[in-house]
1. Counting only protein chains, not ligands or nucleic acids, how are A:LYS46, A:LYS264 ordered by accessible area (probe 1.4 Å), most first?
2. Among C:VAL295, B:VAL199, A:VAL290, C:VAL262, what's the order by accessible area (1.4 angstrom probe), most exposed first?
3. On the Cα set of the protein assembly as shown, report Rg and Dmax in Å, please.
4. Please report how far the C-alpha centroid of the stretch C:162-214 lies from that of the stretch A:506-521, rounded to the nearest whole angstrom.
5. Compute the signed sum of charges (Lys and Arg +1, Asp and Glu -1) over the other residues within less than 12 Å, Cβ to Cβ, of A:ASP187.
6. Carbon and sulfur: what percent of the stretch A:106-180's accessible surface (1.4 Å probe)?
7. I'd like the accessible area for A:HIS591: 1.4 Å probe, protein heavy atoms, all chains in place, Å² to the nearest 10.
8. Which residues of the stretch C:145-188 end up with at least 30 Å² less accessible area in the presence of all protein chains than when their chain stands alone, using a 1.4 Å probe?
Amino acid sequence: MPLLELADLSLTVLTDDVETELVHEIALSVAAGETLCIVGESGSGKTVTAMSIIRLLEFVAPVRTTGGILLEKTDITRLTSDEMRAFRTGRIGMVFQEALDSLNPTQRIGKQLIEAFNPLDMIPGALRTAKGQQAAKAKAQSLLTEVGLPDTDRIMSMYPHQLSGGMQQRIMIAMALMSDPILLLADEPTTALDVTTQAEILQLFRRLQRERNMSCIFITHDMGVAAEISDRIAVMYGGRLVEVGSTRDVLTRPHHHYTRALLKCVPQLGVRHASGLASIPGSVPSPRDVIPGCRYAARCPAATEKCTTLEPALVASLGSTAYACWHPATEPLDLTAASGETDATPLELTDRPALTVDAVTKVFGRRRGVTAVNGVSLQIAPGEFFGLVGESGSGKTTLGRMIAALEHPSSGAITLGDHVHTARGVSGDAREFRRSIQLIFQDPQSSLDPRHTAGRIIAEPLRELTGLRGAELDARVASLIDEVGLPAATKDKLPSQLSGGQRQRVAIARAIGPEPKLIVADEPTSALDVSVQGQVINILLELRRDRDLSFLFITHNLSLVLSVADRVGVMRKGELVEVGRPHDIVTNSTHPYTRQLLAANPDLLAYQTTNP
Amino acid sequence: MTALLVPSTTVPRWRTFVVRNPAVIVPAALLLVIVLVSLIGPFFLQSPTATDPINRLQPPGGAHLLGTDTYGRDVLSRLVTGGRASLGMALLITVCSGAVGTFLGLVSGFFTTAGNVIMRITDAWMAFPAIVLAMVFSVTLGPGVLTEVLAIGIIFIPFSARVLRSRTMEITSRTFVEAARVSGMGPWKILVVHVLPNVAPLIIVQTIVYIAATMLIDGVLSVLGLGIAAPAPSWGNMISEGRTYMSTAPYLMLFPGLVLAFTVFLVNMLGTNLRPVFDPQARQLKALQRLRTHGNPFRR
Amino acid sequence: MLGIILRRLVNLVIILFVVGTLLFFIIRAIPGDPAVALLGSTAKPEELEALRRDLGLSGPLYLQYLGWFGRVLHGDFGMSIIYDKPVLEVIGDHIAPTLTIAIISTTLSFLIAVLITVWNASNPRNLIARALNQLSQIGLALPDFWLAVLLVYLIALNLRWLPTSGYTDIWVDPVASIRTLILPIAVLVIGQAASYVIVLREGMLGQMSQLYLRTARVKGLSEFGVAMKHALPNALLPILTIVGLNFAGLVGGIVILENIFVIPGLGSMMLGAINSRDFLLLQGGALFVAFLFVVVNLITDLTYALVDPKVRVS
């Protein structure tokens, strides 16, 4: 008898008088003491599913639930709000992605923890008595110690903003455990964290879950995380459950083509993809789209006519898995298939590198200066793809901004062609400098003016930096749109009418328009789904092949940068601690920090090799 | 998921807009009626300044639908004509002060150094006793259109500059402004091409809110004898004149006051309800409010 | 924290200097000669000149300015012509009514607004709570001077429940004082409470969509607990600034109600000063109002910093 059972659960929300079905007939169960990972990309419905289990959705949107959610044989969809409140406390705990925003900014940690003390056997109102308070405080203290914050009294008297991201998430975990829940929901709890912190938090989760024999539903978009933490994996796509099974079976013998493609999209440590990453063509469908048949059919290589007309139901395989596919794959999945490549021969640094950074330092603030970048020197050869990797606060973005002259260095010099950029500014003609370097930003949603059409956005640097006008300009814009693989009609679309991947393509077209020598790409794929990430990276790689273009690729994603870059630099606390070829870094890194990063990186391949 | 709960960001088509936003359309339509009546009405009514000493202080009803004032002038006619002055004045003042405030807000939000200087200036500006300024202007320049524009306009400029500054800073921090810099665009051009269009919805909403406030202050000035001078009617000076006859002819100040309050109410409603149309965040709050007051329509 | 206070104090002095200087020159642009106003148009030129010298109103404008400013620094604001008393003393005589009305009406409005908002937040579907929300839009639209006259007509003249006008010091005769204060304060409260309700409700709604309320609901708090314990404290913070600004504005701006209810406050004083060209009193009064404005703003800002842990502990 499972602890939790979702019986053909469908969810529909109402926005702007339009009904949208976010989740369609999900059937899932979680056994006691089991960790189930729900994996999916944006719009898959994974978060909504979790929210419906704890019934939080109804506070933010009108929502209709059909089917049932049975927790300990109680169908919680039939409870009234008050009954649900009483039922929820002491049974379900939840940890969210945005730890800081999930804590009350004006209340001390201690008070917020104590408020969450509401175990099933407590008499209502007991928290108002001195005895209840004492019990709650003792519980909070022991939990804080348990989650790795032993300095309990000090922590409890602090406010959320005084803590680091990792500590905030530990507080959230402690808070979720205050009432000893039997089911813990975690919605992307490590997504906003650095990879080393993520590894610690994942370990903590695993430990707590085992010690308490809790059931756990862990939502993530990251297959690597799922591999490390789950007993079973459920894969969702477009509001449907497409495949579910034991972690081992799903990761090594997936039947659904989406699961397979998704796994292939994740870059693996030590597997080179310099000629191109795997990706899934097209983009994730919107829940508002009406699609007969399989929702994945439009992107699926094995799709037949049947797939576009009839929706497949979930069927059990011979192993532990169940899948919803008309033409399931049967052979095991080999993630090392593309590993035939070795390190590309690194380009020789000639007398005239594309970029020279010489002992550059950046200090923010006058009195109590914060050193963001500290004495960094590096060179990028013409045509080189240089990856810069680091955690938040490592100074990688500041370095990129200085190279693009959006920020002046406090000391040191940056040489780009004939231009030297120092604390006093950029030497030479400003327009010529701008033409030689362009930037691609992290979030295409925010880097494109919502009120300008894609055509106008792409034309902007051409208009400002080149003499192109009129028909010539239009032709150039059209060819750029074509070059990044967008349909010609994109020209007249607004950013809000494009998908995330399409927006980033527009941003790329804008950047290559003035034919720069160097492009600084600051986390260009981190706001995108994994299945689309490869598309964007491949365009960059292709551009580099076609022109004499160098890249400074800034990212926090170690496996991604190691699989595509010619050389990789690792930054930590403002300093460039190591530079080397990807193969050398993976196999024999010289710096302990780099080794720490490598160890913390969630690794699918390692899972596959240890669980054949 | 959160993205789905936010209503779509695209501005809907005209017809769906009308159907979905009665809260905007109804006050807008009523205001349009008020404006049209005050524009066209006077051509069909007797002169608002024609005196009739025999029929002084006639109560409402009969030949004079809303009665006559102490000089025997027709109240209805004055009310309709007074709308021109009151509405026109409010519009003029708001546009003038809005333009200056917008400029100051944009510049101070976009350029850091200039922004700090401008903020210090608005600090002092706000501390300046507004009513003293208004009185000084009116004594110096004499009551009239220019006096009112200056007196009321000056009160609003620092406030509108502040609100716009914070929105401008918000827009400026978005990366598309930085992308424009990378594209080689100059700062002033960025301000006009990228920032202004994105701030524009706020400017519109704010202008509407200020129109309402201006109409009320215009009335205050009239009562203090600083507004538009008699015999030309405005709602403000009608209330002011009617005040003397409160005990004998209360309708003299009742009607202009009601009309003024109703108009201000409509303008406020329009301003408030227009915000969710432009601002996705306000739209989300509106949806949340509806969920809270009306409950989940699926759960009935 | 101490650094912030010090910086704000320096700011305050600069603002007052700028405001004082501007006031001086703007007020001097008013046509009319106080000496003539005082002695009548038949006075001899030498008499007028002597009086001007006495009042510090002779010689080039910039010298007058420097003279006035020097004396102000020593706490001497000069003599009021119409009251024939030192300016500071006159201000002292008129400050009580204005401050009494401003303090009482602001406090009442704020409390009423908080009550209505909390009630509304914990009973979002209650019809009366929703009606009160809509009424606030009407309260905001009613012209206060019109409402004042209407109330005088209805309650004072027709029903004779309260006096039409006048002011009695609250320490001298509390009952009579309260009877005179009820109408002006009622008028102010209707408008102010309405605007606070609107701002507070929006702030509350904004908090209601914050993620930490999701956490509070997971903990099992009732909607009332969520609204009271979590949303309200966070929604109140930004309102403080608005209340402070409004209060400061009231101190200098109840001219119209003081006029209608014949209350001898700062507004009436300054109106009189303008009409009789009592420049020194006008300058002193206006500077004093500006001073109150910046001080009240400083206090609200510091309170904000004290209440908000993000500012206090960082």
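1. Of A:LYS46, A:LYS264, the descending order of accessible area is A:LYS264, A:LYS46.
2. Of C:VAL295, B:VAL199, A:VAL290, C:VAL262, the descending order of accessible area is A:VAL290, C:VAL262, C:VAL295, B:VAL199.
3. Just the Cα atoms of the protein assembly as shown yield Rg and Dmax of 35.3, 119 Å.
4. 59
5. In short, 0.
6. 55
7. A:HIS591 exposes around 50 Å² with every protein chain in place.
8. C:PHE145, C:TRP146, C:VAL149, C:LEU150, C:TYR153
The values are calculated or read from the model by the stated rules, or taken from the named source; none is laboratory data. Owing to the predicted nature of the structure, the values given are computational and were not obtained by experimental measurement. A quick note on method: Cβ atoms are made from the backbone with ideal geometry, for glycine too, and the neighbour counts reach across all protein chains shown. We work out accessible area using only protein heavy atoms, side chains counted, and drop any ligands, DNA or RNA first. Shrake-Rupley method; radii C 1.70, N 1.55, O 1.52, S 1.80 Å.
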